[in-house]
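Every number in this text was worked out from the coordinates using simple rules, so none of it is lab data. Quick caveat, the model's predicted, so the values are computed rather than measured. Ideal geometry is used to build each Cβ from the backbone, glycine not excepted, and the neighbour counts take in all protein chains shown.
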Amino acid sequence: MITLEKVSFTYRSGQRALQEIDLNLEGGDFIAIMGENGAGKTTLAKHLNGLLKPSQGRVLVDGEDTRKVSVAKLSRKVGLVFQNPDHLLFSETVKEEVAFGLKNFGFAADVVDNQVIRTLEALGLSEYAETSPFLLSGGERKRVALAAILATEPDYLILDEPTIGQDYQQKERLRNFILQLYSQGKAVVMITHDVEFVAESNPKVVLLSQGKILARGPADSILSKDELVKKASLVRPQMSRLFGELAKYGLPSDVVDVHRARILLEEKLSEAKVRVAQNS
Amino acid sequence: MSLRTLEGFKFSTLKTPVHLLDPRTKFLIVIAVLVPALLFANIYVMIALLLSQLPLLLVGKVARRWALSLRAGVFLSALIFVVNLFTGSYLSAIALTLRFLVLLTSFSLFFMTTSPDDLGLALDRIGAVRWLSRRWLGYPNALSFTFTTAVRLVPTLAVDAQTVVDAQRSRGLELDKGNLLKRVRNYIPILIPLLLIAIRRSLELAEALESRGFPGKEGRTSLFQLKLRPVDYAIIAFSLAIIGISFWVYFHYKIPVL
Amino acid sequence: MANAPREIIIAKNLGFQYVGARRAAIQGIDLSIRENEFILLTGPSGCGKTSLCRCLNGLIPNFYQGEWTGELLVDGLSVTTQLTSELSRRVGYVFQNPENQLFALTVEKDIAFGPENLGLSREEIRRRVDEAMNVTGTLPLKDLAPYELSGGQQQRVALAGVLAMKPSVIVLDEPTSFLDPRTAEEVMRATDDLRRELGLTIVVVEHRLDLVARYAERIVVMDAGKIVADGDLEETLDEKFDLLEGLGVGVPRVSLLWTMLRRDGLVSGKVPTHVESAASSLGGMMNQ
């Protein structure tokens with residue numbers, strides 16, 4: 001479990017980035033951290049693997065205070081996937097790239113090879129094993145970066161804006177992959193402002209605004225509240241806005257997912273059909 | 001030597017009389033300090049040159065950051081002093097150390113009070129730069145533009161550098177461990193992504209540039225222009241006088257160290 | 001009888017293959033765009049939408065080398081015979097990454113950059129810069145440096161810089177990718193407002209249809225370098241919904257919802273493309 005106890009962080013420039021954050025993360029969790037640009041989302045993420053140490057409060061990863069452990073050691077448990085894959089890629093082949101973390105953590109050569117093969121397969125990158133990562137498309141490079149972090153099988157996975165620039169199919173694949181990961185017992189944290197993706201994936205949402213936690217709860221209750229969503233510079237998901245307009249028909253307001261919307265509407269529309277049949 | 005020392009050379013957006021001087025004027029001031037500083041090794045001359053720049057530092061409101069750049073120079077100054085103790089008298093060591101500080105101050109003052117934009121504009125007007133630019137790059141304003149773009153990219157790439165370091169540390173890279181060879185090799189995962197990111201940014205910038213009509217067929221015009229005002233002319237005249245007098249004295253007298 | 005607006009972009013069998021690429025990025029493109037249209041260009045990653053956009057302002061073939069086939073006329077000019085610098089007077093391009101399209105050290109100088117390249121007089125440049133800043137609301141930012149701006153501000157400044165060239169067409173290539181949803185909507189609305197005010201033709205490349213559906217009347221869908229659908233947005237979503245879904249295009253959730261309900265026979269009528277039209281259509285269905 002990762003625990004943040006009253007974590008506050010101020011940059012050297014004096015800018016206050018985080019204020020008294022309390023948060024728990026354990027295996028099987030799927031959390032989306034959302035908020036406006038500059039709310040402190042990435043700053044928060046960097047506290048989870050020790051890149052940043054709190055100015056006040058403390059961060060415990062499996063009982064260890066991050067101020068007492070090196071980033072390298074914490075990275076074995078906490079995998080942080082940065083937004084832009086180009087900040088990571090430097091190897092001659094995809095295989096070497098994915099092996100980098102494993103080598104840094106001192107795994108034996110045969111273990112490294114096996115893990116690389118397994119991870120590449122899991123992410124559909126096996127055909128590119130001997131390709132230079134720089135020749136791949138943007139979406140493929142993003143997957144290579146993800147593979148590079150996943151290869152070491154961290155218990156906690158943090159994804160910083162994984163859906164930017166991805167088309168719908170790529171996002172679907174990502175969603176299924178995340179589902180696999182947290183049902184395997186890992187903890188997955190996603191930093192995102194992609195409201196529709198969150199609406200369809202149903203994680204627990206932590207809303208950050210100006211360094212403070214504004215609200216936390218299930219996606220459908222958080223994302224359907226106008227005042228919260230506005231403060232975080234987000235927009236309510238389409239379903240929520242639709243149901244907002246249809247409130248006078250007695251429909252609930254906390255709907256964000258298409259499938260639940262469909263079921264609710266099916267009821268009302270069937271009723272209407274029956275009425276039409278009766279009146280004619 | 002931390003990055004804080006670079007603060008002593010960073011431009012600050014203020015509107016002091018020194019800032020408002022034409023960059024060419026300020027450059028001539030640098031020359032007017034450089035020439036006597038290099039021609040002579042006299043302690044009094046050095047002190048005079050140092051003191052004469054103080055009013056400029058104060059009027060330009062950059063005195064505090066100048067003090068920071070001096071702090072940065074402490075190590076090098078000490079080195080210069082010690083080295084010269086061995087090769088000459090202790091008086092010459094003092095003089096040469098002072099000379100280093102004079103030069104440091106002069107450049108620091110210039111860069112703190114001249115915006116890279118204005119520098120670019122000034123470079124654009126210098127015939128030699130335009131000629132060189134036309135020969136190397138095909139357009140007269142390309143060279144000065146290269147300069148301003150480089151300056152514009154520095155803060156962006158600094159952030160990129162930090163991000164790359166963070167990203168690789170998150171994969172277990174330890175930059176402060178191991179023998180010298182290992183440490184140097186550990187910088188490869190930092191330098192390669194950074195280089196590629198810089199190249200990618202430059203290519204995207206180039207695309208955007210072309211999309212805004214750069215460099216244009218008819219020859220560029222400019223919204224902003226540099227104007228030499230009376231105070232500029234006065235200072236230019238004064239600087240040229242100093243330079244002239246320095247050379248004249250140099251060729252006619254032998255000035256001792258003290 | 002009103003005259004139809006003139007065709008401002010005409011592509012005939014347009015194709016392009018980058019140097020060293022295994023297949024053509026775009027091929028057999030036949031496209032006609034009329035003045036003042038708001039076109040949504042979409043398709044799965046790698047379908048060629050960005051390549052098509054690059055042809056519109058001459059980045060292809062001037063900046064990107066390769067093999068060109070077919071014809072492309074933009075505002076009467078044939079693209080293959082013009083330099084990008086000439087075409088940029090007619091077609092403005094706003095890129096995906098806000099930061100990499102601002103080159104000067106202040107906002108004001110950046111906006112002036114384009115007109116300066118056109119060799120205009122100082123007075124004319126001044127006029128255009130002021131106008132562009134007013135129309136995009138970037139006047140308060142004029143002395144700031146690009147790295148001091150938020151993503152949304154950067155995109156507005158980029159837009160201002162493009163407007164100062166007084167183009168007739170503006171191409172925006174996934175301009176909101178890096179922006180939060182609220183800012184993204186503002187940028188899209190501002191773009192449409194400008195289109196109406198200044199009579200511009202707008203081409204937006206976007207994966208997320210719901211962002212643009214309110215403003216775009218026409219959609220062009222690409223796959224593997226070819227155009228696979230081209231027509232009125234509502235009609236195309238209505239008739240070709242399965243094709244779009246199959247391609248992995250991010251159809252608006254309300255459209256998906258309606259299609260599902262329609263398949264079950266619970267609603268009838270055209271597929272709505274955004275929340276307001278969906279609400280009124282559904283409301284109508286439930287009022288019966």
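Taking other Cβ atoms within 10 Å as a rough exposure proxy, C:MET188, C:MET286 sort from fewest to most as C:MET286, C:MET188.
For chain A, the longest principal axis of the alpha carbon atoms and the long axis of helix A:94-104 meet at an angle near 70°.
With one equal scatterer per alpha carbon and no solvent term, the Debye-computed log10 I(q)/I(0) for the stretch B:164-258 at 0.18 1/Å reads -0.92. Shielding of peptide C:112-123 by partners, expressed as the average count of other chain Cβ atoms within 10 Å per residue Cβ, is 6.
Stokes-Einstein diffusion coefficient for chain C at 10 °C in a medium of 1.306 mPa s, Rh from the Kirkwood formula over Cα pairs: what value in µm²/s?
79 µm²/s
Computed over the alpha-carbon atoms, the stretch C:25-136 gives an Rg to Rh ratio of 0.99, Rh here being the Kirkwood radius from the mean inverse distance.
If R0 equals 56 Å, the separation of the Cβ atoms of A:ALA122 and C:GLU197 corresponds to a calculated FRET efficiency of about 0.65. Membrane-span-like helices in chain B (whole DSSP H runs, Cα extent of at least 18 Å along the helix axis, mean Kyte-Doolittle hydropathy of at least -0.5): B:23-39, B:43-59, B:63-87, B:90-113, B:142-169, B:188-211, B:230-252.
Beta carbons within 10 angstrom, averaged per residue: use that to sort the peptides C:250-262, B:243-255, highest first.
C:250-262, B:243-255
The value obtained for the stretch C:129-288, namely the Cα convex hull volume divided by the number of residues, is 136 Å³ per residue. For the stretch A:40-129, the Cα-based Rg and Dmax, in that order, read 15.3, 47 Å.
Once the mean of 1/r is taken over each pair of separate Cα atoms and inverted, the protein assembly as shown shows a Kirkwood hydrodynamic radius of 30.2 Å. The simple Förster model, with R0 at 56 Å and r as the Cβ-Cβ distance, assigns A:LEU135 and B:ARG125 a FRET efficiency of 0.80. Beyond 21 Å in Cα-Cα separation lie the following of the pairs B:LYS61/C:LYS142; C:LYS49/C:LYS240; B:LYS26/C:LYS109: B:LYS61/C:LYS142; B:LYS26/C:LYS109. Between A:GLU172 and A:GLU5, the contour length at 0.36 nm per residue exceeds the alpha carbon distance by 56.7 nm. Once the convex hull of all Cα atoms in the stretch A:130-196 is built, its volume per residue stands at 99 Å³.
In summary, the convex hull built on the alpha carbon positions of the stretch C:215-288 has an orientation-averaged projected area of 5.0 nm². Distance between the modelled labels on B:TYR44 and A:GLN210, one decimal in nanometres: 6.3 nm (7 Å Cα→Cβ projection). Approximating the spin labels as points 7 Å out from Cα along Cα→Cβ, the B:PHE27-to-C:GLU35 distance works out to 4.8 nm. Take the Cα of A:HIS259, step 7 Å toward its Cβ, do the same at B:VAL82, and the gap between the two points is 7.3 nm. Working from Cα pairs under 8 Å separated by at least six residues, relative contact order for chain A is 22 percent. As a calculated quantity, the FRET efficiency between A:ARG12 and A:ARG67 at R0 = 22 Å, using C-beta atoms, amounts to about 0.85. One equal scatterer on each Cα of the stretch B:27-110, no solvent, Debye formula: the resulting log10 I(q)/I(0) at q = 0.17, 0.18, 0.19 Å⁻¹ is -0.66, -0.74, -0.81. In chain A, the ratio of gyration radius to Kirkwood radius, Rg to Rh, stands at 1.05 when only Cα atoms are counted.
Checking every one of the trypsin sites (Lys or Arg not before Pro) in the stretch B:128-214 against DSSP loop status and a limit of 14 other Cβ atoms within 10 Å picks out B:LYS177.
Pairs to check: A:LYS53/A:LYS103; A:LYS103/B:LYS177; A:LYS41/A:LYS212; A:LYS142/A:LYS230; A:LYS171/A:LYS230; A:LYS103/A:LYS171. Give those whose C-alpha atoms are more than 20 Å from each other in this structure.
Check vs 20 Å cut-off fails for A:LYS53/A:LYS103; A:LYS142/A:LYS230; A:LYS171/A:LYS230; A:LYS103/A:LYS171.
Full extension of the segment from A:GLU153 to A:LYS103, taken as 0.36 nm per residue of separation minus the current Cα-Cα distance, would add 16.7 nm.
Looking at the P(r) of the stretch A:108-265, how many percent of alpha-carbon pairs lie beyond 27 Å?
Values: 4446 of 12403 pairs.
It works out to 36 percent of all Cα pairs.
Counting only other chain Cβ atoms within 10 Å of each residue's Cβ, the peptide C:65-72 averages 0.
For the stretch C:81-190, the mean projected area of the C-alpha convex hull, equal to one quarter of the hull surface, is 6.7 nm².
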